[in-house]
Amino acid sequence: MPITTPALRRTLLVTGLAGALVLTGVGTSGASVGAASSAPTTSAAAPAANTDDGKLLLMLDASGSMKEPDPSGGTKMQAAKKALTGVVDSLPDDADVGLRVYGATEEGGTPTKAACNDTQLAVPVGPLDKPAMKKAANGFRAKGETPIAHSLQKGLDDLGDTGKRNIILVSDGKESCVPDPCPTIKKLVGKGVDLRIDTVGFAVDDKARKQLECLADTGNGTYYDAADADELATSLNKISTRAVRDFSFSGQPVRGVEVDPDEQLPADLPVLKPGLYTDELTDRLAAGEGPQRAYSIKRTQKKSTLHVSFATKPSDYRAGDEPSGLETFDLEIIAQDGTECVSSHDGTGEYDQGLNPISTVTARLSGQSPDGDIPRACTKKGEFTVLVTRDGATQTTPTEIQVIEEPRVTNLGELPKAAEDYPAEKTLKAGRTRSITGGLSFADAPEITEGSWVDTLVPGETLVYRVWVEPGQTPRFTANGPTGGFRYPEGSELDSLFVDGRAFGPDRQALTDNTLITGNFSQTYGRSPKSVAGPPVRYRNRYADTHLRDNLGASNMGGWYYYAVGVGAGDLGQELAGQPIKVAFTVDLEGKPSGGPEYAGDEDWQAAAIGEKPDPSGPDGTSEEAGAADSDEDEGGSLLPWVGGGLLAALLLAAGAWFGIRRIRGNT
């Protein structure tokens with residue numbers, strides 16, 4: 001039978017024109033930073049992610065200027081060798097890695113033909129040989145010119161003709177020969193070469209910085225500043241690497257069927273059982289593609305509730321023909337007889353603040369209601385059709401799909417009534433902070449508890465965390481902003497740094513609507529933190545008559561709640577591009593657990609669908625008292641001192657970036 005999607009509603013979303021997607025950074029404060037929590041274990045319902053890590057070539061500058069002093073002591077060359085040794089030690093044994101060095105054999109000072117061809121493959125790309133890499137790194141000295149373009153062309157040959165190819169380029173200056181490397185790389189990428197280039201500028205001037213930024217931007221990578229190696233190595237002695245990762249997914253790869261609104265649905269739609277899946281979604285108006293993607297879900301228990309959600313990676317809103325900053329979705333669940341059981345619309349976006357939020361949409365197929373007003377066709381066991389439509393800035397985007405089957409509740413009439421509104425707004429003051437390393441999505445979000453936390457982000461980045469919330473509790477989150485004595489760049493005409501905080505329930509519906517209302521941290525107007533809270537978690541919130549405030553229903557079950565923090569790449573973020581900024585945020589759970597539902601049937605449904613409860617000893621496996629020893633001092637509302645990054649951390653960042661990248665089919 002033909003299925004027609006309801007007309008897409010348009011939501012006017014406030015804030016931000018997209019900045020480039022920058023995917024992680026490291027802190028620069030001299031204060032001690034606590035060890036990162038280990039990555040959370042994915043649930044039993046989440047098969048391994050679909051990945052293809054490709055090959056990595058490290059490319060190091062050995063030009064004559066690397067003999068200059070490093071601010072932390074020694075020479076730049078000594079700092080670079082130390083950094084490279086740290087990278088080698090941080091990489092996994094099964095990584096395919098090589099090393100190319102330029103400027104190490106011919107004397108510099110004049111860009112002769114020999115000096116401009118001075119580039120050597122010190123270690124061929126292949127399974128990581130740590131002793132060989134370290135020996136090669138310590139065997140060269142700074143001498144010559146800076147032939148970046150020629151080295152990149154040779155580096156592409158080093159990486160072979162197929163697969164994902166990754167280059168990390170470290171330089172303390174700009175190209176000293178010809179041609180300009182940026183147009184060279186642009187031509188290669190334009191021919192469809194699957195290449196990513198991350199660049200690290202080591203104490204560079206403005207001209208060199210612009211060239212390295214151009215290389216990273218053209219090469220689908222990220223630029224990092226590094227002011228000195230030793231200071232950063234000391235201040236980050238508990239962090240060996242940070243992964244600059246693509247939006248990571250967990251789940252079984254699946255491919256929904258593309259259908260037109262008037263098209264008869266095929267009988268062989270992929271069936272999504274409770275768990276996690278990965279797919280890609282196409283923009284509704286993309287040429288030659290159907291506007292809907294169809295799947296099937298199956299209710300196996302009488303009167304159970306099915307939750308279906310789609311989450312997409314943060315979009316680069318500049319990529320669209322009209323950079324409107326919108327990423328919107330329509331999601332329907334259809335019964336076998338054609339009854340439309342659920343229709344959901346959601347989305348997010350921004351205009352001029354350069355924030356890149358996660359976009360989600362959730363549909364909930366209830367099997368029971370206190371009013372008994374659910375169509376009979378929507379309460380039956382059996383298969384239902386899921387239809388999702390996307391309007392986005394990019395033609396395609398990878399997506400993570402979550403399916404939960406929540407058993408029938410046996411004490412529905414005894415449960416507290418739905419909340420009538422959100423709690424009063426309250427900004428939580430940051431106290432003594434604990435360090436944490438956030439994930440890039442729901443799949444790799446680390447566990448946090450109540451209290452204040454500090455993480456390091458770069459402008460344009462969004463990081464995600466998770467906290468366990470019980471029925472009866474009210475989750476509150478506040479993005480307190482940059483911390484530790486932040487100083488605005490001297491002479492800057494830009495003023496505001498934007499920080500966004502967003503929260504999601506276990507079924508990934510946003511606790512508030514997805515319109516971005518950001519915290520503003522301004523030299524002129526002071527601090528205006530962003531606070532997000534849901535109502536008390538109650539099962540019957542899902543039935544709330546909220547009209548325009550339908551996100552009250554997001555706080556409808558106990559489990560993992562997610563908090564996403566992002567730093568904008570607009571305004572001051574433009575000037576701080578690539579610079580690590582420590583950001584504090586605070587978590588509070590008001591109230592004690594109470595009023596929880598009693599479920600019939602499978603007692604393990606929650607662990608299988610949304611993950612196990614946390615270890616009561618704390619997110620780092622130790623007691624709360626022991627964890628406090630790694631805390632920063634009580635910084636209250638102070639702001640972070642802004643300093644440039646060091647080469648060691650920047651290299652480690654970039655290497656972590658390469659290894660953590662998830663090559664997801666359809667990722668634009």
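Every number here is computed from the coordinates shown, using simple stated rules; none is lab data. None of the values given here were measured: they were computed from a predicted structure. As a convention, Cβ positions derive from the backbone with ideal geometry for all residues, glycine included, and neighbour counts pool all protein chains shown.
Annotation: the residues Ile374, Ile401, sorted from fewest to most other C-beta atoms within 10 Å of their own C-beta, follow the order Ile374, Ile401. The distance between label points at Asp495 and Ser594 comes to 4.7 nm (points 7 Å beyond Cα on the Cα→Cβ vector). With neighbours defined as other Cβ atoms within 10 Å of a residue's Cβ, the residues Arg390, Arg293, Arg209 order from fewest to most as Arg209, Arg293, Arg390. Potential lengthening of the chain between Ala607 and Lys186 amounts to 146.8 nm, from the contour at 0.36 nm per residue minus the alpha-carbon distance. The packing ranking of peptides 449-458, 580-589, highest mean first, is 580-589, 449-458, where packing means the average number of other beta carbon atoms within 10 angstrom of each residue.
Step through the table entries Lys187/Lys530; Lys130/Lys613; Lys113/Lys135; Lys417/Lys613; Lys380/Lys426, compare each Cα-Cα distance with 32 Å, and write down the pairs that go over it.
Where the Cα-Cα span goes over 32 Å, the pairs concerned are Lys187/Lys530; Lys130/Lys613; Lys380/Lys426.
Structure note, pairs Lys313/Lys582; Lys134/Lys210; Lys134/Lys582: Cα-Cα distances above 28 angstrom occur for Lys134/Lys210; Lys134/Lys582.
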